[in-house]
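For reference, the structure discussed in these notes is given below.
We did not get these values from a lab; they are worked out from the coordinates using the rules stated. Computed from a predicted model, the values in this text were never measured in an experiment. Note that we place each Cβ from the backbone using ideal geometry, even for glycine, and neighbour counts take in every protein chain shown.
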There are 2 protein chains.
Amino acid sequence: MTSDKLVIGLAGMPGAGKSAVVKVAKERGYEIVVMGDVVREEIEKRSMKPTPKNLGKMMLELRRMEGEAVIASRCIPKIEKAMEQKVLVDGVRSLSEVEEFKKHFPRFSLIAVHASPETRFERLYRRRRSDDPRNWEIFHERDARELTVGLGNAIAMAEYIILNEGSLKVAKDKVREVLRKLEEKWMK
Amino acid sequence: MTSDKLVIGLAGMPGAGKSAVVKVAKERGYEIVVMGDVVREEIEKRSMKPTPKNLGKMMLELRRMEGEAVIASRCIPKIEKAMEQKVLVDGVRSLSEVEEFKKHFPRFSLIAVHASPETRFERLYRRRRSDDPRNWEIFHERDARELTVGLGNAIAMAEYIILNEGSLKVAKDKVREVLRKLEEKWMK
């Protein structure tokens with residue numbers, strides 16, 4: 001069974017600025033489905049603590065047990081239940097997930113948000129005024145985990161990439177333009 | 001031994017527009033090292049025919065035999081021998097290659113060029129007026145091979161991504177701006 005909802009998948013490395021895209025999408029009337037919530041729900045179900053480490057391990061564990069598209073599959077009923085016609089799915093991490101979404105939602109497009117590793121590190125750590133050298137290690141480990149599950153491939157295959165290097169206003173304008181183009185493409 | 005050359009690595013999916021970036025770099029006085037030439041040289045050495053299929057297989061074969069960074073390693077003497085101080089390396093395909101270059105060239109930056117799969121397919125096949133349905137298959141196989149070796153990860157980790165979706169003039173202006181910024185960063 002397919003759905004006529006307009007579904008936009010959003011991919012981006014940690015700190016690239018996914019939350020800015022989500023904010024603009026909300027303003028444009030999109031309902032947001034957060035893929036990470038699936039992992040959080042699983043953590044809760046097992047009465048574990050939702051530490052970043054546990055969340056990371058559970059993401060890998062779920063994929064190992066139920067396949068690479070497990071998180072996408074569990075998001076599909078959430079998207080179908082959405083009140084809005086337009087849904088943004090935050091946190092796409094692989095092309096298997098993209099394929100899963102495309103099977104259920106013929107009006108699916110993948111977008112990505114990008115910033116350089118330096119800028120992402122700055123956003124995630126330096127602004128918090130933490131100079132702990134362990135931060136670089138944590139940053140690299142997190143990047144490596146994201147790339148291992150296939151996030152790089154999703155970014156490379158995105159229909160649009162939003163560059164979020166400098167001004168937040170410029171990036172948000174760009175998001176508006178991209179969403180408008182996708183709405184035109186799918187809603188006509 | 002490290003070198004003081006400014007080395008820009010260029011990554012991009014097939015049809016994204018690497019050649020436009022190369023053209024602008026040449027105009028700005030960069031010497032170009034083509035990573036694919038390493039594969040072509042190996043094909044010649046073995047008296048094989050340089051068909052796209054043989055080139056693809058040889059790329060994978062070389063990596064299997066000598067490690068993921070083999071093509072980068074074989075490019076290093078070519079970069080060192082370059083007459084110009086600024087070198088653009090066309091065809092970076094993985095983070096292992098990036099690491100290899102960074103070890104030898106402290107002034108190394110990775111850039112990427114991006115276009116949507118639809119635009120890339122259009123550029124590679126439709127403009128040649130070929131409607132052969134086999135083209136989609138060949139396109140997907142080639143994309144898959146590029147992603148398998150790690151090209152998506154390289155694109156995700158690029159310092160700058162140049163979007164090459166619409167006007168060639170706009171994209172080329174963007175390339176000029178990116179190269180100018182990187183020259184400022186490394187030449188000061």
Rh (Kirkwood; distinct C-alpha pairs) - the stretch A:1-110, Å: 14.3
Whole-Å distance, taken between Cα centres, linking the stretch B:110-188 and the stretch A:112-188: 18
A:ARG176 versus A:LYS45: modelled label distance in nm, points set 7 Å from Cα along the beta carbon direction: 4.1
Length released on extending from A:LEU60 to A:GLU141, taking residue separation times 0.36 nm less the Cα-Cα span: 27.8 nm
For the stretch B:82-188, average projected area of the Cα convex hull in nm²: 8.2
Three-way shape call for the stretch A:124-185 based on the alpha-carbon gyration tensor, with the a/c threshold at 1.5: oblate
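Can you tell me how the protein assembly as shown classifies by the Cα gyration tensor, rounded, prolate or oblate, using a/c under 1.5 as the rounded cut? Before the final figure, lay out each step's value.
Numbers: a/c = 1.59, a/b = 1.41, b/c = 1.13.
Because a/c hits 1.5 or more and a/b exceeds b/c, the protein assembly as shown counts as prolate.
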Ranked list, fewest to most other Cβ atoms within 10 Å of each Cβ, for B:LEU60, B:LEU6, A:LEU182, A:LEU151: B:LEU60, A:LEU182, B:LEU6, A:LEU151
Karplus 3J(HN,Hα) series, Hz, for the stretch B:89-106 with 6.51 cos²θ - 1.76 cosθ + 1.60 (x for Gly, Pro): 9, 8, x, 5, 10, 6, 6, 5, 5, 4, 4, 4, 5, 4, 4, 8, 10, x
Cα shape, the stretch A:7-64, gyration tensor, a/c 1.5 rule: prolate
Above-threshold pairs, the threshold being 21 Å between Cα atoms, out of B:LYS49/B:LYS81; B:LYS86/B:LYS185; A:LYS26/A:LYS81: B:LYS49/B:LYS81
B:LEU168 versus B:ARG123: modelled label distance in nm, points set 7 Å from Cα along the beta carbon direction: 1.0
Unit charges at the beta carbon, dipole of the protein assembly as shown: most positive-side option, B:GLY166, A:LEU6, A:MET35: B:GLY166
Net dipole in debye of the protein assembly as shown [+1 Lys, Arg Cβ; -1 Asp, Glu Cβ; about Cα centre; nearest 20]: 580
Largest-first ellipsoid semi-axes for chain B, taking √(5λ) over the Cα gyration tensor eigenvalues, angstrom: 26, 22, 14
Inter-label distance, nm, simple model (7 Å from Cα along the C-beta direction), A:MET187/B:GLU184: 3.9
Given charges at Cβ of Lys, Arg, Asp, Glu: the stretch B:64-121 dipole, positive-most of B:ALA72, B:ALA82, B:PRO106: B:ALA82
Rounded to whole Hz, the Karplus (6.51, -1.76, 1.60) HN-Hα couplings of the stretch A:7-19, x for glycine and proline: 10, 10, x, 10, 10, x, 5, x, x, 6, x, 4, 5
